[in-house]
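The values are calculated or read from the model by the stated rules, or taken from the named source; none is laboratory data. It should be emphasised that the depicted structure is a prediction, and the values quoted were computed from it without experimental measurement. With ideal geometry, Cβ positions are generated from the backbone for all residues, glycine too; neighbour counts draw on all protein chains shown.
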Amino acid sequence: MLPEQLEDGLALIDATEQRVSRPGKNNEIRKLFFSGKQHEFTLKTQLATDGNWHIAAVSVPVPGSIHDKKLCDQLQTLERLPTGCEAAADKGYQGLATDTVSTLSTRDVETGVEKQVPRVKAYTPFKKPKGQKLTEEQKAFNRALASIRIRVEHCIGWIKNWKILSERFRCSHSIYGLVMQTICGLVNQQTLRWQMVKGASAYCA
């Protein structure tokens, strides 16, 4: 992922699953592809977008049983982000905000004190503690985060407008990643087109 692919310094992370045909006759392989969330055999892909609805990165597809956070860790998503970036994800990524990432040395101009700061910051919603309630501040934070993070969900919705990614994938799993990348590229082109039209309309007005 290149810094110029995140124009606004935001990385909105989410994963999407698609149903696939039952894989082979080996029970161990089937367990890998069985998603407890979807109760189906699925392939999972992680996407990262900026805050302007542009898909910046698409992961390789993995069996659907892999948890979103585990996939994020395996891909070293935070470490791949450009310095100074802020990442946002949903509750499926609990723990992301406290993950250890590489740091930078900064020096206070006035005091000359040097300190280490995270190279990338990550945010996830507050999860309601068992038997307790969220504070009003935590609820407000969750709402604000959701209003930003919804943009990656929009992008996922747009790629699923394509029939090949909305129904059961019946082709070979080996080409799934290429299909996903191609559709994401087309969605990006559509997004740029409507944004240009919207910009032109605003200028004329």
Select from the range 168-177 the residues that are in contact (Cβ under 8 Å) with a residue 60 or more places away in the chain and in a loop (DSSP other than H, G, I, E, B) and write down the one among them that is farthest from the chain's Cα centre (by Cα). R170
What tally of residues in the range 178-199 results from selecting those that are farther than 19 Å from V152 by Cβ and either touching a helix residue (DSSP H, G or I) at 6+ places or on another chain (Cβ under 7 Å) or in contact (Cβ under 8 Å) with a residue 60 or more places away in the chain (or both)? 1
Identify the residue in the range 109-127 that is in a strand (DSSP E or B) and touching a residue at least 24 places away in the same chain (Cβ under 8 Å) and, among all such residues, is surrounded by the most Cβ atoms within 10 Å (Cβ to Cβ). A122
With the requirement that a residue be under 20 Å from I183 (Cβ atoms), among the β-branched types (V, I, T) and in contact with a strand residue (DSSP E or B) (Cβ under 7 Å, 6 or more places away or on another chain), what does the range 37-87 give you? T42, T45, T49, I55, V58, V62
Leading residue by the ranking (farthest from Y123 (Cα to Cα)) among those in the range 149-184 that are surrounded by fewer than 16 Cβ atoms within 10 Å (Cβ to Cβ) and touching a strand residue (DSSP E or B) at 6+ places or on another chain (Cβ under 6 Å): R168
Within the range 8-41, how many residues are of a type in the set (V, I, T) and under 26 Å from R80 (Cα atoms)? 2
Conditions (1) out of contact with any Pro (no Cβ under 8 Å at 6 or more places or on another chain); (2) modelled with pLDDT of 85 or more; (3) of a type in the set (D, E, K, R); number of the one not met by K91: (1)
Name the single residue, out of those in the range 185-194 being in contact with a Phe, Trp or Tyr (Cβ under 8 Å, 6 or more places away or on another chain) and polar (S, T, N, Q), that is surrounded by the fewest Cβ atoms within 10 Å (Cβ to Cβ). Q190
When you scan the range 128-166, how many residues do you find that are part of a loop (DSSP other than H, G, I, E, B) and modelled with pLDDT of 95 or more? 3
I'd like to know if the range 30-40 contains one or more residues that are crowded, with 20+ Cβ neighbours inside 10 Å and under 30 Å from L104 (Cβ atoms). no
